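Student: Structure provided below as structure tokens; questions to follow.
The values are calculated or read from the model by the stated rules, or taken from the named source; none is laboratory data. Keep in mind the model is a prediction, meaning the values are calculated, not measured. Please note: Cβ atoms are built from the backbone with ideal geometry, for glycine as well, and neighbour counts cover all protein chains shown.
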Amino acid sequence: MGDDGPLPCAICGGVAAGPCASCHRATCGDCSVLTEGGAKLWAICLRCDKRGGRSLMPGWAIVLSWIAVPIVLLAVAIVILGYLTRR
């Protein structure tokens, strides 16, 4: 029926310790590196690391833009409405 054995590492074929935080492929401890720039450490496989996936800063920039852009747009709208109501 189902194979209950350990998952093989997608890179070397050894016993996987867990999934890559970026591509979600099974990876072992020897074929992964830890992320940088986050509140929590995540394991990234060596393939994702070669593509520049070790840093989480681009992800944090996206989160901050989701917060900052609406605030800036609201501030601009308030300034425009304030200018129009003074006339």
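Student: If you go through the range 26-40, how many residues are assigned to a loop (DSSP other than H, G, I, E, B) and either surrounded by 13 or more Cβ atoms within 10 Å (Cβ to Cβ) or at pLDDT 80 or above (or both)? Give the steps one after another, and end with the answer.
Tutor: Step one: list which residues in the range 26-40 are assigned to a loop (DSSP other than H, G, I, E, B), which gives 28-31, 35, 37-40.
This time we only want the ones that are either surrounded by 13 or more Cβ atoms within 10 Å (Cβ to Cβ) or at pLDDT 80 or above (or both), so: 28-31, 35, 38.
Total satisfying the criteria: 6.
Student: Please go through the range 1-25 and pick out each residue that is within 14 Å of Trp42 (Cβ to Cβ), part of a loop (DSSP other than H, G, I, E, B), modelled with pLDDT of 85 or more and not hydrophobic (A, V, I, L, M, F, W, C).
Tutor: Those that are within 14 Å of Trp42 (Cβ to Cβ), part of a loop (DSSP other than H, G, I, E, B), modelled with pLDDT of 85 or more and not hydrophobic (A, V, I, L, M, F, W, C): His24, Arg25.
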